[in-house]
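Okay, structure first, notes after.
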Amino acid sequence: MPIEANGKTFETDEEGYLVNLSDWEPAIAEVMAAQDELELTDEHWEIINFLREYYDEYQIAPAVRVLTKAVGKKLGKDKGNSKYLYSLFPYGPGKQACRFAGLPKPTGCI
Amino acid sequence: MSETKKFMYLNRRPPYGTIYAWESLEVVLIGAAFEQDVSLAFLDDGVYQIMKGQDTGEVDMKNFSPTYSALGDYEVTKLYVEKESLEERGLSIDDLMHLTWEDEDEDWAEKDSIQVVTRAELAKLMDEQDVVFSF
């Protein structure tokens, strides 16, 4: 189902992930979050931006286990744990945060 | 279920032109979630998969070589490269990407993932595996 943001229409796949990574803009994340009844805070954006940087460097969306460890290393142990990440992204930090960030579904998410 | 098996993924083909190299890498990343003892081997034209400075601009395929650097995050830390395959192609370890992993038990000390092994050593390693996947 296509998503409307910033007066434009963006194509998504059957699971709601953005089809063209390069289309992404922050407004898309806001719209997707609103659909999930979430309001994005600075803490959410910290993870979304982290994911986008990870993708830029490695060309993959990390599995949640890998994301948790990498967040812990970069942002501190109090953020690198599933409890914190799930409190921000209740549908799963891998799947939901990657979707907001315009990334594909994480590689190694089972 | 808790029994750990030794899995080796053999990569024998060049990175582009077919989907094998990328498929292999994806299977490795997905399989890493199962916490098995995983290693990768690069031989024949497979050694080209981990060469540095890859540029796919002209062939209209995604350059996925940066993804090999994520293997360490997935706790895949054993990458064997066959010495003879490198030599037959006029390559050395200096032509390969510098792939590392960080040892959490040693305060994230950075360690090399790539080990160059001879054909005979690789044969022995293959013999020790429970499962060998060939791509």
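The values are calculated or read from the model by the stated rules, or taken from the named source; none is laboratory data. Just so it is clear, the model here is predicted, and its values are computed rather than measured. Here the Cβ is made from the backbone with ideal geometry for all residues, glycine too, and neighbour counts use every protein chain on show.
Hey, does segment A:77-87 have a residue that's more than 14 Å from chain B (Cβ to nearest Cβ), at positive phi and touching a residue at least 24 places away in the same chain (Cβ under 8 Å)?
Within segment A:77-87, the first condition is being more than 14 Å from chain B (Cβ to nearest Cβ), and the residues that meet it are A:78-79, A:81-87.
Applying the additional criterion that residues be at positive phi yields none.
No, that holds for no residue.
May I ask you to verify whether residue B:48 is part of a helix (DSSP H, G or I), under 17 Å from residue B:98 (Cα atoms), within 13 Å of another protein chain (Cβ to nearest Cβ) and at pLDDT 95 or above? It would help to see each step written out before you state the result.
Values: part of a helix (DSSP H, G or I): yes; under 17 Å from residue B:98 (Cα atoms): yes; within 13 Å of another protein chain (Cβ to nearest Cβ): no; at pLDDT 95 or above: yes.
The answer is no for residue B:48.
Quick check: anything in segment B:12-26 touching a strand residue (DSSP E or B) at 6+ places or on another chain (Cβ under 7 Å) and not in a loop (DSSP other than H, G, I, E, B)?
yes
If I ask for residues that are touching a Lys or Arg at 6+ places or on another chain (Cβ under 8 Å), closer than 19 Å to residue B:133 by Cβ and within 14 Å of chain A (Cβ to nearest Cβ), which ones from segment B:51-86 would you list?
Answer for segment B:51-86, where residues must be touching a Lys or Arg at 6+ places or on another chain (Cβ under 8 Å), closer than 19 Å to residue B:133 by Cβ and within 14 Å of chain A (Cβ to nearest Cβ): just B:77.
Just name the residue that is farthest from the other protein chains (Cβ to nearest Cβ) out of those in segment B:31-45 that are part of a helix (DSSP H, G or I) and closer than 17 Å to residue B:132 by Cβ. Before the answer, list the steps.
Step one: filter segment B:31-45 for residues part of a helix (DSSP H, G or I), giving B:31-34, B:44-45.
Checking which are closer than 17 Å to residue B:132 by Cβ leaves us with B:31-32, B:34, B:44.
Details: B:31: 8, B:32: 6, B:34: 8, B:44: 24 Å.
Here the residue is B:44.
Taking segment A:72-86, which residues are of a type outside the set (Gly, Ala, Ser) and within 15 Å of residue A:48 (Cα to Cα)? So that I can check it myself, show each step before the final result.
Filtering segment A:72-86 down to residues of a type outside the set (Gly, Ala, Ser) leaves A:73-75, A:77-79, A:81, A:83-86.
Selection gives A:74, A:75, A:79, A:84, A:85, A:86.
From the list A:27, A:33, exactly one residue is among the small types (Gly, Ala, Ser), away from chain B (no Cβ under 14 Å) and over 24 Å from residue A:107 (Cβ atoms). Which is it?
Values: A:33 fails: over 24 Å from residue A:107 (Cβ atoms).
Answer to the check: A:27.
With respect to residue B:72, determine if the residue is surrounded by 18 or more Cβ atoms within 10 Å (Cβ to Cβ), assigned to a helix (DSSP H, G or I) and not aliphatic (A, V, I, L, M). Walk me through it before giving the result.
On the way: surrounded by 18 or more Cβ atoms within 10 Å (Cβ to Cβ): yes; assigned to a helix (DSSP H, G or I): no; not aliphatic (A, V, I, L, M): yes.
Spelling it out, it is not the case that residue B:72 is surrounded by 18 or more Cβ atoms within 10 Å (Cβ to Cβ), assigned to a helix (DSSP H, G or I) and not aliphatic (A, V, I, L, M).
Considering each of A:51, A:40 in turn, give the residue that is among the hydrophobic types (A, V, I, L, M, F, W, C) and part of a loop (DSSP other than H, G, I, E, B).
The conditions single out A:40.
Does segment B:94-110 hold any residues that are more than 27 Å from residue A:107 (Cβ to Cβ) and at pLDDT 95 or above, and which are they?
B:94, the sole residue that qualifies.
Scan (1) modelled with pLDDT under 95; (2) among the hydrophobic types (A, V, I, L, M, F, W, C); (3) out of contact with any Gly (no Cβ under 7 Å at 6 or more places or on another chain) for the single condition residue B:79 breaks and write down its number.
(1)
Mind checking which pairs have a first residue in segment B:89-101 that is touching a residue at least 24 places away in the same chain (Cβ under 8 Å) and surrounded by 15 or more Cβ atoms within 10 Å (Cβ to Cβ) and a second that is part of a loop (DSSP other than H, G, I, E, B) and of a type in the set (Asp, Glu), Cβ under 9 Å, 6 or more apart or different chains?
Listed by first residue and then by second, the contacts come to B:101/B:73; B:101/B:75.
Failed condition for residue A:33, given (1) in contact (Cβ under 8 Å) with a residue 24 or more places away in the chain; (2) among the small types (Gly, Ala, Ser); (3) assigned to a loop (DSSP other than H, G, I, E, B), with all others met?
(3)
Yes or no, residue by residue, for (1) crowded, with 22+ Cβ neighbours inside 10 Å; (2) hydrophobic (A, V, I, L, M, F, W, C); (3) within 13 Å of chain B (Cβ to nearest Cβ):
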position: A:13; (1), (2), (3): no, no, no
position: A:19; (1), (2), (3): no, yes, no
position: A:39; (1), (2), (3): no, no, no
position: A:54; (1), (2), (3): yes, no, yes
position: A:97; (1), (2), (3): yes, yes, no
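What single numbered condition from (1) surrounded by 13 or more Cβ atoms within 10 Å (Cβ to Cβ); (2) over 23 Å from residue B:16 (Cα atoms) fails to hold for residue B:119?
Status for residue B:119: all satisfied but (1).
Check A:76, A:92 and return the single one that is small (Gly, Ala, Ser), surrounded by fewer than 17 Cβ atoms within 10 Å (Cβ to Cβ) and over 25 Å from residue A:20 (Cα atoms). Spell out how you get there, then give the answer.
Details: A:92 fails: over 25 Å from residue A:20 (Cα atoms).
Criteria check complete, one pass: A:76.
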